[in-house]
1. Just give me the residues in region 47-63 being in contact (Cβ under 8 Å) with a residue 60 or more places away in the chain and of a type in the set (Val, Ile, Thr), in sequence order.
2. Yes or no: region 123-135 includes at least one residue that is surrounded by 13 or more Cβ atoms within 10 Å (Cβ to Cβ) and on the phi > 0 side of the Ramachandran plot.
3. Specify the residue that is surrounded by the fewest Cβ atoms within 10 Å (Cβ to Cβ); the eligible residues are those in region 58-104 that are of a type in the set (Asp, Glu) and either modelled with pLDDT under 95 or more than 16 Å from VAL31 (Cα to Cα) (or both).
4. How many residues does region 29-85 hold that are closer than 16 Å to HIS111 by Cβ, within 14 Å of the chain's Cα centre (by Cα) and of a type in the set (A, V, I, L, M)?
5. Does at least one position in region 112-131 carry a residue that is over 15 Å from the mean Cα position of the chain (by Cα) and within 14 Å of THR21 (Cα to Cα)?
6. Working only within region 136-155, note down all residues that are free of Cβ contacts under 8 Å to residues at least 24 places away in the same chain and either surrounded by 14 or more Cβ atoms within 10 Å (Cβ to Cβ) or farther than 19 Å from TYR30 by Cα (or both).
7. Mind listing just one residue for me: the one in region 33-49 that is closer than 14 Å to TYR154 by Cα and of a type in the set (S, T, N, Q) and, of those, surrounded by the fewest Cβ atoms within 10 Å (Cβ to Cβ)?
8. As an exercise: evaluate ILE78 against (1) in a loop (DSSP other than H, G, I, E, B); (2) under 18 Å from PHE125 (Cα atoms); (3) of a type in the set (A, V, I, L, M) and give the number of the one condition it does not meet.
Amino acid sequence: MNPNIGITTKNLKKSTSILTTVLSNEMILYVKTRKFHWNISGNSFMELHKLFEEQYRILENNIDEVAERISQLGEKTIGTMSEFIENSTLKESPKEYVSQKNMLEELLKDHEQLINEFRDFIPTFEDCQDAGSADFITGLLQQHEKMAWILRRYLD
């Protein structure tokens, strides 16, 4: 049954398409953060190990929330790694094992990319009369701003 929530079918499709990209990016960033958590070494090992764990847990929750938002808007949610890769704007780095500094730089770059994309998505949601998704993405943007700020502080 399609939701009758004051948003046209066309606009619901547009919103869920954007949310599918958001979901895919959250998943790619989650996997990357988890990989770095598993492979961190060096002077700040335990501190960064715990930081990456804290951040991937936030991302894990985001993944579930985005998937549920898609479902609330009446669409099915993708759920395979190949679908996430296909719909993501973030890039993986397979078979690359980088230094602590490069891990921090890569995660920071990805968070900042998502922040900028979210800023672009918000007006589109508003144009689609989807205030709920605009508000939802604003909340995710704030989380990513905080995670980026923490990563940036390690690089100062």
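The values are calculated or read from the model by the stated rules, or taken from the named source; none is laboratory data. Everything quoted here is computed from the prediction, not taken from an experiment. Virtual Cβ from ideal backbone geometry, glycine too; neighbours counted across all protein chains shown.
1. Within region 47-63, just ILE58 meets the criteria.
2. Within region 123-135, one or more residues are surrounded by 13 or more Cβ atoms within 10 Å (Cβ to Cβ) and on the phi > 0 side of the Ramachandran plot.
3. Looking at residues that are of a type in the set (Asp, Glu) and either modelled with pLDDT under 95 or more than 16 Å from VAL31 (Cα to Cα) (or both), I get GLU96.
4. Matching residues across region 29-85 total 6.
5. Yes, region 112-131 has at least one match.
6. Once the filter is applied, which keeps residues that are free of Cβ contacts under 8 Å to residues at least 24 places away in the same chain and either surrounded by 14 or more Cβ atoms within 10 Å (Cβ to Cβ) or farther than 19 Å from TYR30 by Cα (or both), region 136-155 yields THR138, ARG153.
7. Among those residues, the one meeting the criterion is ASN43.
8. The one condition ILE78 does not meet is (2).
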